[in-house]
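The values are calculated or read from the model by the stated rules, or taken from the named source; none is laboratory data. The shown structure was predicted, so the numbers you read here are calculated from the model rather than taken from an experiment. Methodologically, a virtual Cβ is constructed for each residue, glycine included, from the backbone with ideal geometry; neighbour enumeration extends over all protein chains shown.
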Amino acid sequence: MDPWAWGELSALSPLRALWLALAASFLLVLLLQLVPAGLLPSCPLFQDLIRYGKAQRAGPERSALSRAFDVPKRYFSHFYIVSVIWNGFLLWCLIRSLFLGASFPNWLYSLLRILGAAQFQGGELVLSPFFVLVFLWLHSLRRLYECVYVSVFSNTMIHAVQYCYGLVYYVLVGLTVLSQVPLDGRNGVVIHCKHRIPFGGWFEYVSSPNYLAELMIYLSLAVTFGFRNVTWWLVVMYVFFSQGLSALFNHRYYKSTFVSYPKHRKAFLPYLF
């Protein structure tokens, strides 16, 4: 292995350890879903926590106690409200630091140090996290617009644990980007809410092109970091496994619901999976 890679992997900061654990957890969950039904004991609570929306409806029968913790799936917009506000704040702090010479707030500086902020030699990589944070903020702003004016949400639900996780996720992603900065350098009309077989574009290849596009967005941000940022590649791994899991649930839902569903169509990756 490249000595650089050994050095990067050996420096397992709290932030990298967290993303690695999340990626490994979702990989395990994804692999468990590929095991033939009946080989493993069923755990309703486990299925309740990994499913949402239509995948939740297709899962095992849920108890009244589980349903008591449901919140509407349309609350997805809250994730992007938090992201636009929080990551906009981080971007503002970074702009002031890069272009005005201002220091980060003491609490933010301390938090980044606790998380294991990157320590680079030289300033050639400083602009990479800046552009990534700009792209992340614009992506969140676009997703917020889609949730408010484009997306048609039915009465499907998500678990309160998933809701809280989504809120924390976008806070964590912004901190992950900012931690790569050297600290020592200074209206849609609802027509119906039925699911139909989608056709055209990427839908000809995969059941969930939105999840594939999400992965490609994070891959493009990895390119912006210059390929060699291990921390961000751990984020990409997490996105790959988590989006793959959601895509698998959607694919199974479509196949079980529509007898004429295209047999050549894959769940997440064209021609592969």
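Hey, can you tell me all the residues within region 240-273 that are within 21 Å of the chain's Cα centre (by Cα) and charged (D, E, K, R)?
Selection gives R252, K266.
Hand me the list of helices (runs of 4 or more DSSP H) wholly inside region 63-143 holding 2 or more residues that are at pLDDT below 95 and surrounded by 14 or more Cβ atoms within 10 Å (Cβ to Cβ).
Qualifying helices (runs of 4 or more DSSP H): 76-100, 106-115.
So the check is Cβ under 7 Å with 6+ separation or different chains; which pairs have a first residue in region 63-75 that's under 15 Å from T156 (Cβ atoms) and a second one that's acidic (D, E) and surrounded by 15 or more Cβ atoms within 10 Å (Cβ to Cβ)?
S66/D48
Take K73 and decide whether it is among the charged types (D, E, K, R), in contact with a helix residue (DSSP H, G or I) (Cβ under 8 Å, 6 or more places away or on another chain) and closer than 30 Å to S207 by Cα. Can you show your working first?
Details: among the charged types (D, E, K, R): yes; in contact with a helix residue (DSSP H, G or I) (Cβ under 8 Å, 6 or more places away or on another chain): no; closer than 30 Å to S207 by Cα: yes.
Considered against the rule, which asks whether it is among the charged types (D, E, K, R), in contact with a helix residue (DSSP H, G or I) (Cβ under 8 Å, 6 or more places away or on another chain) and closer than 30 Å to S207 by Cα, K73 comes out as no.
Looking at V168 and the list (1) modelled with pLDDT of 95 or more; (2) more than 29 Å from F99 (Cβ to Cβ); (3) surrounded by 14 or more Cβ atoms within 10 Å (Cβ to Cβ), which single condition is not satisfied?
Failing condition for V168: (3).
Does N155 satisfy being of a type outside the set (S, T, Y), modelled with pLDDT under 95 and within 26 Å of N210 (Cβ to Cβ)?
Criteria met by N155.
Tally the residues that are surrounded by fewer than 18 Cβ atoms within 10 Å (Cβ to Cβ) and in a loop (DSSP other than H, G, I, E, B), restricting the search to region 228-264.
8
Whether any residue in region 88-111 is under 19 Å from the mean Cα position of the chain (by Cα) and under 23 Å from M237 (Cβ atoms) is what I want to check.
yes
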